[in-house]
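Presented below is the structure to which this report refers.
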Amino acid sequence: QLVESGGGSVQAGGSLRLSCAASGRIFSSYAMGWFRQAPGKEHEFVAAINWDGGSTYYAGSVKGRFAISRDNTKNIMYLQMNSLKPEDTAVYYCAADYRPSGAPVITAPEYKYWGQGTQVTVSS
C-alpha cells in the first residue's frame, strides 16, 4: 500500500514536500517514482529513484527544481518541490515496482503499485 501526503496550495515560487509512505513489502527492494496528471492532460513522469537511492532520474520540466529521495529505514519516499510554477498544478501519484537492483524506472506501465494521489495547486 502506498499513501501520498504533503500536497496543498502554494503561490508560484513556493515549495512543497510530498511524502509517499509504503507498507506491506520490503520497501528497499522496490524502485519508486512520482507521476502527475493535470486536468485534461496525459499522465506525466516526474521523477524516479532506484531501490537504494543511488540513482535518480527527472523529467526535463522539473530538473533542477525537484528532488526525489528515499529513507529505506522509514519506508518513505519524498519529492521536494521548489520554485513551483502554475504548470506544476496536478494530482501527484507515487508508484512502486519490485526491482532489487538496477536503474530507476521511468515509464508508468512498468509500475505495479500506485498511491491514491495528492493534489498540488500552484497559483500565480
Quiz item: In the range 1-55, how many are farther than 21 Å from Arg70 by Cα and open to solvent by 60 Å² or more (accessible area, probe 1.4 Å)?
Solution: 8
Exercise. Would you mention how many residues in the range 99-124 are touching a helix residue (DSSP H, G or I) at 6+ places or on another chain (Cβ under 6 Å) and assigned to a strand (DSSP E or B)?
Key: 1
Practice problem: Give me the pairs, please: first residue somewhere in the range 64-92 and of a type in the set (A, V, I, L, M, F, W, C) and at pLDDT below 95, second residue anywhere and open to solvent by 30 Å² or more (accessible area, probe 1.4 Å) and not in a strand (DSSP E or B), beta-carbon distance under 7 Å, and either six or more positions apart or on two chains. | Solution: none
Quiz item: Mind checking which pairs have a first residue in the range 106-121 that is on the phi > 0 side of the Ramachandran plot and a second that is among the β-branched types (Val, Ile, Thr) and assigned to a strand (DSSP E or B), Cβ under 8 Å, 6 or more apart or different chains?
Solution: Gly117/Val91
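Yes/no per residue for (1) over 18 Å from Trp114 (Cα atoms); (2) within 11 Å of the chain's Cα centre (by Cα):
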| site | (1), (2) |
| --- | --- |
| Gly13 | yes, no |
| Leu16 | yes, no |
| Trp34 | no, yes |
| Gly40 | yes, no |
| Ala48 | no, yes |
| Ser55 | yes, no |
| Pro86 | yes, no |
| Arg99 | no, no |
Quiz item: Restricting attention to the range 56-96, which residues are open to solvent by less than 20 Å² (accessible area, probe 1.4 Å) and part of a strand (DSSP E or B)?
Solution: Phe66, Ile68, Met77, Leu79, Met81, Ala90, Tyr92, Cys94, Ala95, Ala96
Practice problem: For residues that are among the acidic types (Asp, Glu) and either within 22 Å of Val3 (Cβ to Cβ) or touching a Ser or Thr at 6+ places or on another chain (Cβ under 6 Å) (or both), tally how many sit in the range 14-51. | Solution: 1
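The values are calculated or read from the model by the stated rules, or taken from the named source; none is laboratory data. Keep in mind that what you see is a predicted model, and the values were worked out from it rather than measured. Glycine also receives a Cβ, built like all others from the backbone with ideal geometry; neighbour counts cover every protein chain displayed. Ligands, DNA and RNA are stripped out before the accessible areas are found, and what is left, the full protein with its side chains, is counted by its heavy atoms. Shrake-Rupley method; radii C 1.70, N 1.55, O 1.52, S 1.80 Å.
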